[in-house]
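A short reminder: the numbers here are calculations on the coordinates, not readings from a lab. The structure displayed is predicted, hence computed values, not measured ones. We place every Cβ from the backbone using ideal geometry, glycine too, and count neighbours over all the protein chains shown.
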C-alpha cells in the first residue's frame, strides 16, 4: 500500500486522538527497526521520541518478538481468575525491581488504567475521596486520569468526576518557589497549607510524576520527594508515584523514585514496561496496601488483567534491560544528551532553557523578548514549521506549546544520538531566522 492510500484509509475509517479529523496529517509508517522509522514514501527518520515515549528498546527487537511468538504458541489468553506460569514469574521479577517495601502488582493495559486503579485503591484503603495533583502533570485520558491531569487537555473533559484538586507544582516558568533546596522548602510549606485548606481528613492521595515528563522535564530538588512523602504521612494521605514515563530506566535508575531512595504507597507504570510490543500497565502496592486487600475485596476488575501476552512482553523487556546493560547505556548517553542540549541552548537565541534527566530532554523555545512561544496554551505557527524542518532533517521528535523534546530509545547509540542533536541544531537555526533572532 502506498503512503497516500494508507493515509486516506486510516483517516476515513479511524479516529486519531488529540486531533481534528479533517486537519490531521499523519505520517505513513511502513516499518521500523532499531531507532529508525521507515515511512511508506521512502523516508527514514530517527525516532527521537521513542514513538509515544514508550518504545524504550527501539523497534523490532528480536528477543522481544521471539518471546511474544512463543507465548502465542503456549497460551495466548487466560482470564484474570487463573494463575499461570507467566503471571507467577513476571510478578515476582517485577517486584524485584521495586523498592523493598512494595510486594504486589496489579496488571492492566495502560498508564491511564494504572492510575485509575491507584485512585481506586487509595480511596478504598483510606475511606476518603479527594486526590491532589499538580498543574503541568499528565496522568492519562480516561475519566479519573484526565481529571487528575494538570494540563489544558483536561478542560474539554470537564466537568469530570468529583474530588480532584489541582495545585502548583515545582515549575520554572511564570511563578517561582525559589531555587535549589529553598524551592523544595517553600513548595512543601505551600502544599501543607493547601492540605489544611482542603481538609486533610478528606484527601485520599496525592499523585505526582517523580520528574514531570511531557510537560517540561521538571526535576525536584534532591530529597524533595522523600520529604513530601513524610509530609503526606503526617496527614494520613497516600502517595502515588506516576512512573508511566519515568520508569524502566528512563531517568537513569530503574525507577525515578529511587533517585530519592524512598518508597511511595502506590507506583504506576506502563510505556517502557512493554516498550510498545503489547499494551501494558500496572500498579505496584506497598506492603501495607496489599495487606489491606488480603482481608478486604479489591472492588475492581479488568478482562485483560494479567494477560499472558502482556506479561510475555514485560518478561522479555526485563531480561533485555539486564542482558544488554541498558541502564549503563542510559548513564553514558544521558551525559551526551545533557551536553548537547545545553550547547544548543547556548548557541540558539530561540532556546531559553535546556533540561534533561537521564534520557528525558527538553528545550524551552522563546521569542525575541525571551517569552515562551506558548505557555500551556496555543499552537504557534513557528512550532509547525519546526516540526516540518525536523522531518526534513530526518528526525522525528515531539513538539507542543513551547517545548521541543528528546526522549530517544534507551538503547540508542552515540552516532544516532549525535545525528538527532545535529538535526535539532539545523532546525533551530531556521527557527531563529523565522523569529528574527
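Please give the residues of the range 401-424, grouped as numeric ranges, whose backbone N is less than 20 Å from a label point set 7 Å along the Cα-to-Cβ vector of residue 41.
Inside the label zone: 423-424.
Quick one: among 211, 24, 317, which has the greatest mean-square fluctuation in a GNM of the chain with alpha-carbon springs under 10 angstrom?
With Cα springs under 10 Å in the chain, the top fluctuation among 211, 24, 317 is at 24.
How big is Rg to Rh over the range 141-286, alpha-carbon atoms, Rh as the Kirkwood inverse-mean-distance radius?
Radius of gyration over Kirkwood radius for the range 141-286 works out to 0.94.
I want to verify a result. In a Gaussian network model of the chain, Cα cutoff 10 Å, which of these has the top mean-square fluctuation: 110, 19, 133?
Among 110, 19, 133, the largest GNM mean-square fluctuation belongs to 19.
Which ordering of 149, 84, 268 is given by a fewest-first count of other beta-carbon atoms within 10 Å?
84, 149, 268
If I model a spin label as a point 7 Å beyond the Cα along the Cα-Cβ vector, how far apart are those points for residue 30 and residue 96 in nm?
4.2
Can you show me the helix-derived [θ] at 222 nm for the chain, built from DSSP H runs with n ≥ 4 at -39,500 (n - 2.57) apiece and divided by the number of residues, rounded to the nearest 500.
Using -39500 (n - 2.57) per qualifying helix, the result is -12500 deg cm²/dmol.
Which FRET efficiency value, to the nearest 0.05, do you get for residue 194 and residue 302 by plugging their Cβ-Cβ distance into 1/(1 + (r/R0)^6) with R0 = 25 Å?
In this case the efficiency is close to 0.15.
If you take every DSSP beta bridge whose two residues both sit in the range 63-323, what share of them, in percent to the nearest 5, is antiparallel?
Bridges in the range 63-323 are about 45 percent antiparallel.
Given just the C-alpha atoms of the chain, how large is their convex hull per residue in cubic angstrom?
Taking only Cα atoms, the chain has a hull volume of 146 Å³ per residue.
Which FRET efficiency, nearest 0.05, do residue 413 and residue 84 yield, Cβ-Cβ r, R0 41 Å?
E(calc), rounded to 0.05, equals 0.65.
Gain in length, residue 18 to residue 325, computed as 0.36 nm per residue apart minus the alpha-carbon separation, to one decimal in nm?
That works out to 107.0 nm of additional length.
Among 58, 180, 111, which one shows the biggest mean-square fluctuation in a GNM of the chain, springs joining Cα atoms closer than 10 Å?
180
Neighbouring Cβ atoms within 10 Å as the yardstick, rank 7, 64, 339 fewest first.
339, 7, 64
So what's the range 63-323 giving for Cα Rg divided by 2.2 N^0.38 Å, two decimals?
For the range 63-323, the normalised Cα radius of gyration comes out at 0.99.
In what sequence, highest mean first, do 418-424, 171-177 appear when ranked by Cβ atoms within 10 angstrom?
418-424, 171-177
In which sequence would 274, 320 go, from the one with the fewest C-beta neighbours within 10 Å to the one with the most?
The most exposed by this proxy come first: 320, 274.
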